[in-house]
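Each remark here refers to the structure printed beneath this line.
The values are calculated or read from the model by the stated rules, or taken from the named source; none is laboratory data. None of these values were measured; they are calculated from a predicted model. When we count neighbours, we look across all protein chains shown, and the Cβ atoms used for this are built from the backbone with ideal geometry, even at glycine.
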Amino acid sequence: MTDTARLAPAVAVGILLALGVGLVGCSAPAEPETAVERAPFLIDQDFADPDVVEGDGVYVAFATENQGANVQFATSTDLVSWDVSTDDALPDLPEWASAGRTWAPDVSERADGSFVMYFSAEHAASGRQCIGSATAATLTGPYVAVGTEPMVCPLEEGGAIDPAAFVDDDGSRFLLWKNDGNCCELDTWIQIAPVSADGTQLAGPATRLVMQTESWEGHLVEAPVLVKRDGTYVLLYSANDYGSEDYAVGAATAPSLLGPFEKLPDPVLSTSSTDDRYLGPGGQDVVSTPDGDVLVFHGWDDLFIYRGLAALPLDWEGASPSVRVSTAG
């Protein structure tokens, strides 16, 4: 989640071709009623809410639980070909958590070279989702949960999900999350709070950044990712019903960490913006590469049974992001 220059044209074309996204040239109009060709998944199985971290030249993607793993993970050297591990990055949940609802992990490196993971899990005492932390000496773990109580658990706001770490230029650490208000007819706010130097505890009060206000967002905003671009803070987030093709990725910018954030009027990635090649894209993360930024995200299969992993180049005009789905020619 750090700044880089935009993707070099040749590299961007290579990624698009590897992802099965054709380059658009000057051609005759499409035949009527032509079936939509979905873009192939990079991980063609349930691998939702991806978080990708680079370490020693290898990219590691962490994802919501599946097939018995609390936190599944996969590795890649090029963000295109992935090897899904049979191990569990978080094999043991903390005593406050119930099994079966471990979602949206986020991993970041600490100053000493070890790693901290944030995850949302069911708070056994309340049935709400809350956020915990875990640590590991190596990127792929195994991670060991910290403490006997959740790190973030605002039950009066519906609980909390979708944690995301942010480290500012001075090294100060923060945690973003979404209060899970849509569980109980409350507003959803993306919030941020400082955390301790080791990343495992809150170190100050939360500040609310954005809530659902735009028609395309439906009844919620969630899945925050914060990056800094040309001195401007850029918040990427998902919105609308995650289980439908209306799910999409939006963006907001602010001159300071705590806002105020101004939203872009339209999504930067949606089913329609990809010409239906991706269904309900969201749960995104920004990955820095030597050639530029890449947006990794999940999308639904045709039958809405599972969410596979996808990625597209992320371009910038100043602090305004855009996702390159195809190149006109």
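Key figures for this structure:
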{"read-out": "Some residue of segment 29-45 being aromatic (Phe, Trp, Tyr), at pLDDT 95 or above, touching a Pro at 6+ places or on another chain (Cβ under 8 Å) and under 25 Å from Pro321 (Cα atoms)", "value": "no"}
{"read-out": "Test for Ala223: is it more than 25 Å from Ala311 (Cβ to Cβ) and assigned to a strand (DSSP E or B)", "value": "no"}
{"read-out": "Options Ser273, Ser244, Ser256, Ser238: the member that is in contact with a strand residue (DSSP E or B) (Cβ under 8 Å, 6 or more places away or on another chain), among the hydroxyl-bearing types (Ser, Thr, Tyr), surrounded by 23 or more Cβ atoms within 10 Å (Cβ to Cβ) and at negative phi", "value": "Ser238"}
{"read-out": "Boolean, Gly147 is farther than 27 Å from Gly243 by Cβ, surrounded by fewer than 17 Cβ atoms within 10 Å (Cβ to Cβ) and in contact (Cβ under 8 Å) with a residue 24 or more places away in the chain", "value": "yes"}
{"read-out": "Segment 76-104 - residue that is small (Gly, Ala, Ser) and not in a loop (DSSP other than H, G, I, E, B) and, of those, surrounded by the fewest Cβ atoms within 10 Å (Cβ to Cβ)", "value": "Gly100"}
{"read-out": "Test: residue in segment 307-324 that is out of contact with any Cys (no Cβ under 8 Å at 6 or more places or on another chain), assigned to a loop (DSSP other than H, G, I, E, B), without any contact (Cβ under 8 Å) to a residue 40 or more places away in the chain and surrounded by fewer than 19 Cβ atoms within 10 Å (Cβ to Cβ)", "value": "no"}
{"read-out": "Sole residue being farther than 21 Å from Val294 by Cα, at pLDDT 95 or above, in contact with a strand residue (DSSP E or B) (Cβ under 6 Å, 6 or more places away or on another chain) and outside any strand (DSSP E or B), chosen from Pro142, Pro150", "value": "Pro150"}
{"read-out": "Pair list, Cβ under 9 Å, 6 or more apart: segment 76-91 residue at positive phi, other residue in a loop (DSSP other than H, G, I, E, B)", "value": "Leu79/Leu42"}
